[in-house]
Structures are given as C-alpha cells and as structure tokens.
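A.B. asks: Just dropping this structure here.
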Amino acid sequence: YEAKRHGSGFVVYEATQDPYSVERLGLLTELGGAMGRGEMRVHYQPRRNLLNGELSGFEALARWEHPRLGLLGPGRFVPLAELSDVIRPLTLWVLGTALKQRCAWNKGGVMAVNLSARHLMDDSCPEQIARVISESGAEPSMLELEITESSLIGDPDRAQAILERICNLGVCIAIDDFGTGYSSLSHLKRLPLHKLKIDVSFVRQMLASPADGAIVDSTIGLAHQLGLSVAAEGIEDAATLDALRVHGCDEGQGYFIGYPMPAADATAWMASH
Ligand code: C2E
Ligand code: MG
Ligand code: MG
Ligand code: MG
C-alpha cells in the first residue's frame, strides 16, 4: 500500500493502490484508543544462555485483543502504528508494562523491548525511555532495546547520537533481524551496541541450507570479533540449538525453547524450567 511518511506525522494515502485501505485506516483509528481501552497485551518469549542453559531473559512482544477481529499479532498493527505517531504511545506502553512485569517477577533476566525507527529518531526518545524506566521501578540494566538495521540507514549520524544517549542510561542495545537490512558494517562499528540478533529466516534453515548456515556462522564470528554478544532467534528444534551452541552462539530464542506467552504462563514456565 502506498502510504507515505511526512516529517509532521501526516500520512498521505493513495487508496487506489491498496485493496485493504479502508480496513487499514479503520484499524489505525482504533489503534489510537486501544491502550486506553485495555485491549493491548504483551506476550513474553523466554531466551536461554546457550552456554549454561539458563534463562537469560524475555522478549516483550505486543498483541492486540481486538473486540471484533480477535488476537492480532504485531504484523497486523505495528507497521500501521509506524505510519503515524501512534507508535510512540504504543512503544512506551509496551515498555512500561514489560518493565513492571519484570519488577513483579523480581527475576527472569533481561527484558527486551522492540523500538521502531520512527520513535528512535525522536530527539526526546532517550528522555521518554528514562522516564518510563524510572516510573516502572526497574533498573536500566534490566532493559535491552532491540532496533532493526533499517532504523540506522536514513540518518546514521542522528541515530548514533540518540543511541549514545540511550546507552548512557545504562540500557543495552541489540540489532534485531541482523542480516536482513542494508546497514553497512562501517556504520555499525561506530554504534554503542551490545548484541546482534540473527534473524529467524537464517536460523530456521541453517541446517538445510549451506548458505544460511554460512551466514549464521559468519555472523557469530563477526559479533565476537567486534566484542559483541550474539543471539539467534527462530530456534525450532534441538538439532539447531545444538549446532548454534557448538558454533559459539551466546543466546537462543525460539519455539523450541518457549513460545511467546501471557505473563501468567511465563510465570508458570519459569517455575517449571
Ligand atoms: P522480532 O522482534 O524479530 O520478534 C521475533 C518474532 O519471531 C516474533 O514474532 C516471534 O513470535 C517470532 N518467533 C519467535 N520464535 C520463533 C520461532 O521459533 N520460529 C518462528 N518462525 N518465529 C519465531 P511476532 O511476535 O509476530 O512479532 C513480529 C515483529 O513485530 C517483531 O519481530 C517486532 O519487529 C515487531 N514487534 C513486536 N512487538 C513490538 C513492539 O512492542 N514494538 C515494536 N516497535 N515492534 C514490535
Ligand atoms: Mg525483536
Ligand atoms: Mg527479530
Ligand atoms: Mg522481526
């Protein structure tokens, strides 16, 4: 669909290009009020340290309990939110909810939250994050922010400056979906990063496809040579998990370890693992 971003936050829409335009615009309008109406949820997906097998943290993933459409995954509404200013309250709501949950658990390792490019580029983004952290009662070191490479390509100098301010809060920064974007290594090496996350699309096929296996292996090597830790997402079976461990991948996430689940199920998961 042809929606174009403008600096002011307006969206110019070419409805003729998009068979779902009315549905999408309707959803976007409803999304603005979804947090206030209590329709938004956070599911938590566990991740393990692959060296010692211990729980290392959770990733917070947004879900929308839509009154007519049922439970919607982020693929249905995050791209819409990113077209408008709704992405800011949405992100800050997920952040606050996840950090309060982490405080309530008083265990569970690092809480990872996804940050959109549009939000990262806000000059006040670091202060917004600092405020939500302090209101939640969490320590900044409990938080990891995941950003995609595409966040960095538009204005790498600005992204770098804002990331440095976020890093100075004491928060870890991970590059999500590593390998699927177009960021250059020369940009990446200047950024205050802690972790690369290898994308699901490479990990799922890594044993069947030599090309994907090579991408996974070289990403692990690259991360370590840059002094970064490396995580794999999309681990769906024991053989993949074992291969990643043998190749020195630090951390793993995927359906084989645990599905994204509501807080109560994550609490039970921690008790039984
Ligand atoms: P992501 O951050 O890369 O999250 C990983 C996605 O992979 C999640 O999809 C997760 O459910 C899925 N996944 C986990 N393990 C496996 C596996 O073993 N196999 C496969 N095939 N998939 C697995 P989900 O929850 O649908 O989220 C999709 C994307 O939506 C996320 O990708 C993230 O980019 C975005 N997203 C989710 N929540 C938020 C949010 O609060 N804010 C923002 N800005 N983006 C979000
Ligand atoms: Mg992520
Ligand atoms: Mg990812
Ligand atoms: Mg993704």
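A.B. asks: What dipole magnitude, in Debye to the nearest 20, does region 168-273 give about its Cα centre under +1 on Lys/Arg Cβ and -1 on Asp/Glu Cβ?
C.D. replies: Values: 6 positive and 12 negative charges, 86 e Å.
Taking the Cα centre of region 168-273 as origin, the dipole is about 420 debye.
A.B. asks: Nearest 0.05, what FRET efficiency do Arg245 and Asn106 give at R0 = 35 Å with Cβ-Cβ as r?
C.D. replies: On the way: r = 29 Å, r/R0 = 0.82.
For R0 = 35 Å, the calculated efficiency reads 0.75.
A.B. asks: Next question. Please name which of Tyr255, Ser141, Ser186 has its Cα lying farthest along the dipole of the chain towards the positive end, using unit charges on Cβ (Lys, Arg +1; Asp, Glu -1) and the Cα centre as origin.
C.D. replies: In the chain, that residue is Ser141.
A.B. asks: Still on this structure, please answer the following. Hey, got the dipole for the chain? About the Cα centre, +1 on K and R Cβ, -1 on D and E Cβ, debye to the nearest 20? Show your work: numbers first, answer last.
C.D. replies: On the way: 24 positive and 34 negative charges, 93 e Å.
With Lys and Arg at +1 and Asp and Glu at -1, about 440 debye.
A.B. asks: Ok, one more. Quote the accessible area belonging to Lys189 in square angstrom, nearest 10, computed with a 1.4 Å probe and with ligands, DNA and RNA left uncounted.
C.D. replies: Here the residue's solvent-accessible area equals roughly 150 Å².
A.B. asks: Which value, in debye to the nearest 20, gives the size of the charge dipole of region 93-243 about its Cα centre, when Lys and Arg are +1 and Asp and Glu are -1 at the Cβ?
C.D. replies: Working: 12 positive and 20 negative charges, 78 e Å.
Rounded to the nearest 20 debye, it is 380 debye.
A.B. asks: Could you put Leu71, Leu193 in order of accessible surface area, largest first, with the 1.4 Å probe and the full protein assembly present? Write out the running numbers ahead of the final one.
C.D. replies: Values: Leu71 90, Leu193 20 Å².
Of Leu71, Leu193, the descending order of accessible area is Leu71, Leu193.
A.B. asks: Sorting Glu144, Glu127 by accessible area (1.4 Å probe), largest first, what list results? Spell out each step's value before the answer.
C.D. replies: Numbers: Glu144 10, Glu127 100 Å².
Heavy-atom accessible area, descending, gives Glu127, Glu144.
A.B. asks: For the chain, with every protein chain kept in place, what is the accessible area per residue (1.4 Å probe, Å²)?
C.D. replies: Details: 12500 Å² over 273 residues.
For the chain, the solvent-accessible area averages 46 Å² per residue.
A.B. asks: Can you tell me how much longer the chain between Glu135 and Tyr255 gets when fully stretched, taken as 0.36 nm per residue apart minus their C-alpha distance, in nm with one decimal?
C.D. replies: Details: separation 120, 0.36 × 120 = 43.20 nm, distance 3.21 nm.
Going from the current span to full extension adds 40.0 nm.
A.B. asks: Shifting gears a bit: Could you please state how large a percent of the accessible area of region 156-224 is carbon and sulfur, counting protein chains only and using a 1.4 Å probe? Before the final figure, lay out each step's value.
C.D. replies: Details: 1750 of 3150 Å².
Of the solvent-accessible surface of region 156-224, carbon and sulfur hold 56 percent.
A.B. asks: I'd like the accessible area for Asp265: 1.4 Å probe, protein heavy atoms, all chains in place, Å² to the nearest 10.
C.D. replies: Counting only protein heavy atoms, the figure is 80 Å².
The values are calculated or read from the model by the stated rules, or taken from the named source; none is laboratory data. Here the structure is a predicted model, which is why all the values come from computation and not from measurement. Backbone-built Cβ (ideal geometry, glycine too); neighbour counts: all protein chains shown. Ligands, DNA and RNA are excluded from the accessible area calculation, which covers all protein heavy atoms including side chains. Shrake-Rupley method; radii C 1.70, N 1.55, O 1.52, S 1.80 Å.
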